[in-house]
């Protein structure tokens, strides 16, 4: 407690020292030659725009700001239909990853679209409800009941 009073006295003296040093630092204290402190100019407030006229309000009522219909529709592609992303999938689930043929034996790799795992199939195996009938480098042939499905292999000369 005995040191508090001298500390405050030193702090006050240092503050007055900074005020005396302001002109040397290039900072004006708004003091005139007679010693009077001048007040700063009053702050100007921004002007308020005039209220909207009936014609301007009518335009906003016809096209509300937060309506989905306010935006123009997205431009359509010129003449090209959108492709079905599942068109290259076998049975709506598998994509042909590749075919390997060595002599008269062939193996096809199918990628499962749900989890990305590879399924290795040979002639005679079953994929879902369909039997694998033939595997060539150009296509895979499946038989489901009485129906035959031929799936072309991409990159084998046919796209």
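Neighbouring Cβ atoms within 10 Å as the yardstick, rank 95, 76, 138 fewest first.
Arranged by neighbour count, lowest to highest, 95, 76, 138 become 76, 138, 95.
Work out, step by step, the length gained on full extension between residue 57 and residue 93: first 0.36 nm times the residue separation, then minus their alpha carbon distance; give nm to one decimal.
Gain on stretching residue 57 to residue 93: 7.5 nm.
Working from the alpha-carbon coordinates of the stretch 94-152, get Rg over Rh, Rh being the Kirkwood radius. Write down the numbers at each step before the final one.
Working: Rg = 11.0 Å, Rh = 11.6 Å.
When Rh is taken as the Kirkwood radius, the ratio is 0.95.
May I ask you to compute the full-extension gain from residue 14 to residue 76, defined as 0.36 nm times their residue separation minus their alpha-carbon distance, rounded to one decimal in nm?
Gain on extension, residue 14 to residue 76, equals 14.9 nm.
Values in this text are rule-based calculations from the coordinates and carry no lab data. From a predicted model like this one, the values you see are computed outputs, not experimental measurements. Reconstructed Cβ throughout: ideal geometry from the backbone, glycine too, with neighbour counts over all protein chains shown.
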